[in-house]
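Coordinate-derived values only; no laboratory data. A quick note: this is a predicted structure, and the numbers were derived from the prediction, not measured. Positions of Cβ are generated from backbone atoms using ideal geometry, with glycine treated the same way; all protein chains shown enter the neighbour counts.
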Amino acid sequence: MMRVPRLLLASTSRYRRELLQRLRLPFDVARPEVDETALPGEPPDALAVRLARAKAQAVAGRQTDDCWVLGSDQVAECEGQALGKPGGRAAAISQLTAMSGRCVRFHTAVCLAHPDGRSLCAHDITHVQVRALETREIVRYVDAEQPYDCAGSFKSEGFGICLFEAIDNRDPTALVGLPLIACARLLRQAGFSLP
């Protein structure tokens with residue numbers, strides 16, 4: 001009988017942990033401890049891919065057994081500018097104000113890394129059309145859901161869905177932070193058994 005490699009999630013995000021549990025594979029969680037600062041002139045899509053790979057490789061580099069480490073990162077892009085996690089109320093209101101009436105692209109990257117240096121990566125793009133929002137709507141939403149730990153300052157799986165005209169993507173889980181269709185494909189390539 002072949003031994004299945006161990007799986008680690010290089011993230012302390014509860015959203016990513018809850019999503020990965022849907023694949024019904026046992027996994028452990030490890031903190032990646034990666035500097036998430038964008039490089040000068042780095043486009044949002046390249047930033048997401050680089051950080052997903054860096055997170056997976058940081059944790060994989062500390063392992064000595066046969067395992068795969070799953071890293072992921074998401075960067076929101078509005079008018080060519082990267083939007084990170086707001087971290088607080090004022091920044092969340094500012095982000096949502098800037099996004100009002102615009103199409104925002106969410107770049108969600110995922111990478112599987114092995115301690116021997118192998119890696120498999122994928123990138124998903126979600127287009128979100130934010131409806132024209134009034135300041136009072138933004139404030140009411142931010143105060144209700146406090147989305148301070150979410151790129152783009154909203155939770156699409158929660159009350160934030162009321163902020164949109166439309167969402168266009170290939171994988172509905174990508175917007176929440178972990179594209180499970182891509183993850184399942186990469187995990188199968190790495191030898192995990194999934195339907």
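About its Cα centre, what dipole magnitude does the stretch 6-189 give when the only charges are +1 on Lys and Arg Cβ and -1 on Asp and Glu Cβ, stated in debye to the nearest 20?
Rounded to the nearest 20 debye, it is 400 debye.
Which Rg and Dmax, in Å, describe the Cα atoms of the chain?
Considering the chain through its Cα atoms, Rg and Dmax are 17.1, 61 Å.
Once Rh is set to the Kirkwood radius over Cα pairs, what Stokes-Einstein translational diffusion coefficient, in µm²/s, holds for the stretch 102-154 at a temperature of 37 °C and a viscosity of 0.692 mPa s?
236
Quick check: pseudo-label points 7 Å beyond the Cα along Cα→Cβ at Arg131 and Glu33, how many nm apart are they?
4.6
Taking just the alpha-carbon atoms of the stretch 36-122, what radius of gyration and Dmax come out, in angstrom?
In order Rg, Dmax, the Cα atoms of the stretch 36-122 give 15.4, 49 Å.
Can you tell me the length gained on complete extension of the stretch Val4 to Arg105, counting 0.36 nm per residue apart and subtracting the Cα distance?
32.7 nm
Which distance in nm do the two modelled labels at Arg170 and Arg62 give, with both placed 7 Å along the Cα-to-Cβ direction?
3.2
To the nearest 10 degrees, how steeply does helix 44-60 sit against the main Cα axis of the chain, on a 0 to 90 scale?
40
Could you please state, rounded to a whole Å, how far the C-alpha centre of the stretch 119-195 is from the C-alpha centre of the stretch 42-61?
18
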